[in-house]
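The values are calculated or read from the model by the stated rules, or taken from the named source; none is laboratory data. Keep in mind that this is a model prediction, so the values were computed, not measured. FYI the Cβ positions are ideal-geometry reconstructions off the backbone, even for glycines, and counts take in every protein chain you see. Remember, those area values only see protein heavy atoms, side chains included, never the ligands or the DNA or RNA. Shrake-Rupley method; radii C 1.70, N 1.55, O 1.52, S 1.80 Å.
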Amino acid sequence: MNIEHNTEVSKSIITAHVLNRWSGFMAIIAGILYIVIQFIHPTDDISSVHTNSWVVVACLTMAMSFFNLIGITGFYVRQAKEAGWLGLVGFLLFNLFWLISFNFSFIEAFVLPLLTSDADKFVVGMVGLFGETVSEVNLGIFPILAPLAGILYMLGGLLLGIATLRARVFPRPAAILLALAAVVTFAAAIIPHPLDRALAIPMGAALIWIGYIIWSERK
């Protein structure tokens, strides 16, 4: 009876450890994709929406956002008790950004290419959202959702970084990099698009670092 019980406990521990390592691996992949996407992203205009590279990059962004949802969740769970309420708020805000990012990328990949002929002005407006282009048509909630996503990214990343720094579960430099990577996004206000894509590189590096720490952690 005791042997069976110990076997069940052992299996549950191994399962938790494996899931934790997988979340770290997802964060590593997400960080790599986040950096690579910045260098291969097509120009933000309607002519790019017709191309295969536009669809490929949008799909890669979807995958990156999905991997981040898993990776950030594992990152938070690993320090949930120590991070406290600040960590919880940062985690929720940061992951909400990746959820919005996933939905935007889905629209870019599977909806916009179908509308380039019948609703070209709508496509131009959607493509120009992050380039601060004024749309000629009503885009519904999207002009509000785009800047809101930016706020969630900056505030969520900053709070989660500060909570991680205070929790002392992960190395302090990794926590500082996460917080700074979120704050540096404010520079997008003075850096013209698409040069502001370079601001994503510190966050990609932070995700890779944090993911590697989780993935390489022993039982």
Give me the compactness ratio for the range 138-197, meaning the Cα radius of gyration over 2.2 N^0.38 Å. 1.36
For the range 92-219, what % of the accessible area comes from carbon and sulfur atoms, probe 1.4 Å? 70 percent
Suppose all protein chains stay in the model; what accessible area per residue would a 1.4 Å probe give for the chain, in Å²? 54 Å²
Semi-axes a, b, c in Å (a largest) for the chain, each sqrt of 5 times a Cα gyration tensor eigenvalue, come to 36, 20, 15
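Take the chain, mark every one of the GluC sites (Glu not before Pro) that falls in a DSSP loop and has at most 14 other Cβ within 10 Å, then report the longest stretch left between them, sites excluded.
With GluC sites (Glu not before Pro) excluded where exposed in loops, the chain gives 1-131 as its longest stretch.
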Calculate how steeply helix 200-215 sits against the longest principal axis of the alpha-carbon atoms of the chain, using the helix alpha-carbon long axis, and give the answer as 0 to 90 degrees to the nearest 10. 20 degrees
For 60, 99, give me the order by solvent-accessible area with a 1.4 Å probe, most accessible first, ignoring ligands, DNA and RNA. 99, 60
Of the trypsin sites (Lys or Arg not before Pro) in the range 119-172, those whose Cβ has at most 12 other Cβ within 10 Å and which sit in DSSP loop: 168
Take the chain, connect every pair of alpha-carbon atoms lying under 10 Å apart with a spring to form a Gaussian network, then pick out the residue of 141, 100, 28 with the largest mean-square fluctuation. 141
Taking Rh as the Kirkwood radius computed over alpha-carbon pairs of the range 110-162 and applying Stokes-Einstein at 4 °C with viscosity 1.567 mPa s, one gets a diffusion coefficient in µm² s⁻¹ of 104 µm²/s
Hey, if you put +1 on the Cβ of every Lys and Arg and -1 on every Asp and Glu Cβ in the chain, which of 33, 83, 199 ends up farthest toward the positive end of that dipole? 83
For helix 52-77, what angle does its Cα long axis make with the longest principal axis of the chain, in degrees from 0 to 90 and rounded to 10? 30 degrees
